[in-house]
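For reference, the structure is listed below as structure tokens.
The values are calculated or read from the model by the stated rules, or taken from the named source; none is laboratory data. What you are looking at is a predicted structure, and each value in this text was computed from that prediction instead of being measured. Quick reminder, even Gly has a Cβ in these numbers, built from the backbone with ideal geometry, and neighbours come from all protein chains shown. Heads up: the accessible areas ignore ligands, DNA and RNA and are worked out on the full protein's heavy atoms, side chains in. Shrake-Rupley method; radii C 1.70, N 1.55, O 1.52, S 1.80 Å.
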Amino acid sequence: MTMQRRDFLKMVGAGAGVGAATALTGCATQQAAGGGRKVVVIGGGYGGTIAAKYIRMMDKSIEVTLIERNDHYISCPFSNLYLGGILPDLSKLTIKYDKLAANHGIKVVQAEVTGVNAAERTVTTSKGVFNYDRLVVAPGVDFRTEEIKGYTAQTPEVAPHAWKAGPQTILLRKQLEAMKPGGTVVLSIPLAPFRCPPGPYERTSMIAMYLKQHKPGSKLIVLDANPDIVSKKGLFLKGWKKHYDGIIDYRPAKKVTEVSADGKSVLIEGIDEVKGDVINLIPPQRAGAIAVSAGLVGPDKNWCPVNPTTFESTIHKNIHVIGDACIAGAMPKSGYSANSEAKACANNIVNLMNGRAIVDFSGINTCYSFLSAKEAVEVTGVYLVDKEKNVIIAAPGSVGVSPDLSETEAIYAESWLNNILTEMSS
Ligand SMILES: Cc1cc2nc3c(=O)[nH]c(=O)nc-3n(C[C@H](O)[C@H](O)[C@H](O)COP(=O)(O)OP(=O)(O)OC[C@H]3O[C@@H](n4cnc5c(N)ncnc54)[C@H](O)[C@@H]3O)c2cc1C
């Protein structure tokens, strides 16, 4: 408490002027009204770490508790490069939370969140109950495995999704390594929306690269439930023709609906069987389970509707949902989007808790994809709220893709990863 007050006075003394005076008034109002100054953040990934950090950077008088089930986080961005054999392991993609706690005074709790009581403003975890004044929910995605017949708790052990980086990614790489030359890999892509629109096509490129280099005569059958390549189509097709002609067999509009118990075959629409030595089965997705059990998903039962400026749930007050779990209009479900949404959400949480006016949303996203060891491509967009429709749209003229496969983009991509992971962990 003493620490908070000292930090707060430092902020006022630092000459924040009118803003600081308003903050002081707002703070007093919150306390007089009986409201505390507590924010709880669920999920220490691309969205949650940044929301927690920016709230503390903007107002040290707010106590922030970040609750994450793991003691470390492994980035999905660049995990396809590990499958391609470019990265030897996942260490470059792994961050810890100790500096985030030490540098910003965030209380990091390693625990499983098991429930949210919106009326009581409490979060129940494996390590006790936490009160909040505002809650940020950033749990990423979970899988709609019930839509695939035969899918059990054992299926990911035989037909890994590797759509959450970590043990699943390592398992898939081991399966690729163990496969005999001349074998068949099957990659199944679910219907959009899913985490990272270009991700499955980057994975196609990276697995094909691995097969070309290490498993001569092998092929990769891509079963895409979507009618066409969802993102950067022209660039992916160009890269596949240039590097992996004869290796990739891309089949659009092929929705996998069933998997065998041994994970070695899938059925398309319950009829056509496709067999593989390795099957990378990515199930359809929805918001992380805790968002579903907290009643934050909308009528589609999958994703969380939010106010596009504050990211406050349109279902439960004082709960904000960011990242993959929320419906962010035209913004893709990406790490960069989650980062952008987290900053805007943090800013407006601080504004709301201090009785200040909220500010308009402005977001950015860039998604890099590798086509080979040295070439990458990108799609970039700037996002804002269409106030008439109350939905996030791409700023007119802002969305663009790389003109071609580019070695420079690969360098930019690496720099992006280093920057964003450093921001999340320091
Ligand atoms: C193969 C692949 C490649 C990708 N490449 C890119 C890329 O190049 N660029 C890009 O921008 N994006 C990329 N993405 C997408 C990116 O990974 C996600 O969009 C991003 O991780 C979303 O952030 P998030 O905070 O919503 O969720 P996450 O980053 O998944 O974080 C959620 C966190 O919440 C925790 N959690 C969930 N439930 C609970 C609970 N009940 N209790 C405690 N903790 C909980 C989880 O353990 C996790 O740490 C890629 C994704 C994949 C799969």
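Computed extension gain for Y412 through A178, at 0.36 nm per residue and net of the alpha carbon distance, reaches 81.0 nm.
Between 0 and 90 degrees, the angle of helix 167-178 with respect to the longest Cα principal axis of the chain falls at about 20 degrees. Dipole size of the chain about its Cα centre, with +1 on Lys/Arg Cβ and -1 on Asp/Glu Cβ: approximately 680 debye, rounded to the nearest 20. Near S218, once Lys and Arg are set to +1 and Asp and Glu to -1 for all other residues with Cβ below 15 Å from its Cβ, the sum equals +2. Of the Cα atoms belonging to the chain, the radius of gyration and Dmax stand at 22.4, 72 Å. Estimated at the nearest 10 Å², the accessible area of M57 is 90 Å² with a 1.4 Å probe. Principal-axis analysis of the Cα atoms of the chain puts helix 199-214 at an angle of about 40° to the longest axis.
Suppose R0 equals 25 Å; then what is the FRET efficiency for A253 and K301 from their Cβ-Cβ distance, rounded to the nearest 0.05?
The calculated FRET efficiency here is 0.55.
Can you give the FRET efficiency for S260 and N117, using 1/(1 + (r/R0)^6), R0 = 41 Å, r = Cβ-Cβ distance, to the nearest 0.05?
Working: r = 41 Å, r/R0 = 1.01.
Calculated value: 0.50.
Take the chain with all the other protein chains still there, run a 1.4 Å probe, and you get 41 Å² of accessible area per residue.
The modelled label-to-label distance for the pair T314/E146, using points 7 Å beyond Cα in the direction of Cβ, is 2.4 nm. Taking 0.36 nm per residue of sequence separation and removing the Cα-Cα distance, the A102/M57 pair yields an extension gain of 14.9 nm.
Give the angle, between 0 and 90 degrees and rounded to the nearest 10, that separates the Cα long axis of helix 407-425 from the longest principal axis of the Cα atoms of the chain. For 407-425 against the chain, the angle is about 40 degrees.
For region 154-283, what is the Kirkwood estimate of the hydrodynamic radius, computed as the reciprocal of the mean inverse distance between distinct Cα atoms, to one decimal in Å?
Result for region 154-283, one decimal place: 14.6 Å.
Measuring nothing but protein heavy atoms, the accessible surface of the chain at 1.4 Å probe radius is 55 percent carbon and sulfur. The modelled label-to-label distance between D272 and V359, using points 7 Å beyond Cα along the C-beta direction, is 5.2 nm.
Under 5 Å from the amide H of I319 lie the amide H atoms of L135, S313, each residue being 5 or more positions distant or on a separate chain, with H modelled from the backbone and absent for Pro and chain starts.
Relative contact order (percent) for the chain, with alpha-carbon contacts under 8 angstrom and 6 or more residues of separation?
For the chain, the relative contact order is 18 percent.
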